[in-house]
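Presented below is the structure to which this report refers.
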Amino acid sequence: KNQVEQSPQSLIILEGKNCTLQCNYTVSPFSNLRWYKQDTGRGPVSLTIMTFSENTKSNGRYTATLDADTKQSSLHITASQLSDSASYICVVSLTGGGNKLTFGTGTQLKVEL
Amino acid sequence: TAGITQAPTSQILAAGRSMTLRCTQDMRHNAMYWYRQDLGLGLRLIHYSNTAGTTGKGEVPDGYSVSRANTDDFPLTLASAVPSQTSVYFCASSELAGGPNEQFFGPGTRLTVL
């Protein structure tokens with residue numbers, strides 16, 4: 001069973017609309033949670049990194065939230081653009097885990113005209 | 001700056017052959033990583049290096065070896081490739097290992113083992 005589960009698996013929205021992607025994790029003890037954007041055929045690019053003490057972090061039109069009590073995170077995309085079409089990956093890091101990152105399988109987002 | 005470069009971009013390899021995937025970063029990062037990405041699975045760590053001269057095993061190290069002779073380069077070697085090593089391989093680096101240090105990823109190498 002994945003320790004980092006993302007939903008939905010895929011999503012299609014119209015340009016200009018908002019959307020929210022979900023991430024539930026069971027990784028423990030938790031250190032930090034990251035959201036990455038991965039364009040097709042490219043490497044992942046970091047959007048946000050939140051420690052357990054942070055409950056929200058923004059990067060332009062991307063806003064991530066974290067509830068460490070319920071072990072849930074969300075990534076909200078505002079006023080979507082065609083260039084937002086990508087896979088969005090939730091990644092969790094263990095306390096004292098050093099290099100150990102646990103990756104979700106991603107939500108594939110497609111923004112259409 | 002170039003960030004992280006990987007070579008080759010893609011490769012088709014016969015089973016049983018050896019191959020080295022190259023990775024170079026110009027950010028003077030201490031830590032470097034190799035991941036593989038397979039359809040339906042999250043990225044999985046193969047090997048890592050916290051600093052030049054040291055390496056460690058990740059989640060799926062079998063069949064792979066690495067070396068870290070200097071800060072910039074972190075090659076991944078498949079000694080005798082098998083079809084299950086068909087995957088997309090990503091190299092990454094971070095200023096320091098662990099903690100909320102951002103990992104920067106290269107563009108990937110798509111490897112097909114036949």
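Here are the numbers for this structure:
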item: Number of the exception - A:R34 against (1) over 22 Å from B:G108 (Cβ atoms); (2) part of a strand (DSSP E or B); (3) among the basic types (K, R); result: (1)
item: The range A:47-64: number of residues that are surrounded by fewer than 17 Cβ atoms within 10 Å (Cβ to Cβ) and either within 12 Å of the chain's Cα centre (by Cα) or part of a strand (DSSP E or B) (or both); result: 4
item: Tally, over the range B:49-69, of residues that are among the small types (G, A, S) and assigned to a loop (DSSP other than H, G, I, E, B); result: 6
item: Test: residue in the range A:6-28 that is surrounded by 17 or more Cβ atoms within 10 Å (Cβ to Cβ) and at the interface with another protein chain (Cβ under 10 Å from one of its Cβ atoms); result: yes
item: The range B:56-71 residues that are within 12 Å of chain A (Cβ to nearest Cβ), paired with ones that are aromatic (F, W, Y) (beta carbon under 6 Å, 6 or more apart); result: B:G56/B:Y48; B:G58/B:Y48
item: In the range A:1-31, residue nearest to B:Q6 (Cα to Cα) [restricted to those that are of a type in the set (D, E, K, R) and part of a loop (DSSP other than H, G, I, E, B)]; result: A:K1
item: Residues that are aliphatic (A, V, I, L, M) and either in a strand (DSSP E or B) or within 14 Å of chain A (Cβ to nearest Cβ) (or both), drawn from the range B:14-48; result: B:M19, B:L21, B:M27, B:A31, B:M32, B:L39, B:L41, B:L43, B:L45, B:I46
item: Qualifying residue in the range A:68-83 (condition: in contact with a Ser or Thr (Cβ under 9 Å, 6 or more places away or on another chain), open to solvent by 20 Å² or more (accessible area, probe 1.4 Å) and touching a residue at least 60 places away in the same chain (Cβ under 8 Å)); result: yes
item: From the options A:S53, A:S93, A:S73, A:S85, residue that is of a type in the set (S, T, Y), farther than 19 Å from B:L39 by Cα and at pLDDT 95 or above; result: A:S73
item: Residue match in the range B:87-102 (condition: open to solvent by less than 10 Å² (accessible area, probe 1.4 Å), under 12 Å from the mean Cα position of the chain (by Cα), away from chain A (no Cβ under 14 Å) and in contact (Cβ under 8 Å) with a residue 60 or more places away in the chain); result: no
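The values are calculated or read from the model by the stated rules, or taken from the named source; none is laboratory data. Keep in mind the model is a prediction, meaning the values are calculated, not measured. When we count neighbours, we look across all protein chains shown, and the Cβ atoms used for this are built from the backbone with ideal geometry, even at glycine. Ligands, DNA and RNA are stripped out before the accessible areas are found, and what is left, the full protein with its side chains, is counted by its heavy atoms. Shrake-Rupley method; radii C 1.70, N 1.55, O 1.52, S 1.80 Å.
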